[in-house]
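Each remark here refers to the structure printed beneath this line.
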Amino acid sequence: MTSKEKAVEIAQNINKTLLTLKDSVIGSNAIRGNGIWSGTKPSRSLLERKLTTLCKQHDINKEDL
């Protein structure tokens, strides 16, 4: 698998995550702080920046995802 093929696969995964990501209020688990069992969840803006950067680096059109 070439690096561009892998980049397309990763970009598709990020795009799929963005489509399913809900803009909801942060739950009570986030209020407790960084406990050992608290999960990490990337923000929508972070994922969008990563997708844009990945597409620019490997000449991928976002419309083709």
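The values are calculated or read from the model by the stated rules, or taken from the named source; none is laboratory data. Computed from a prediction, not measured in an experiment: that's the story for all the values here. Accessible surface areas use protein heavy atoms only, side chains included; no ligands, DNA or RNA. Shrake-Rupley method; radii C 1.70, N 1.55, O 1.52, S 1.80 Å.
Restricted to segment 1-21, and to residues there that are within 12 Å of the chain's Cα centre (by Cα), modelled with pLDDT under 90 and open to solvent by 90 Å² or more (accessible area, probe 1.4 Å), the residue that is farthest from Lys50 (Cα to Cα) is Thr20.
The one condition from (1) at pLDDT 90 or above; (2) at positive phi that Gly33 does not meet is (1).
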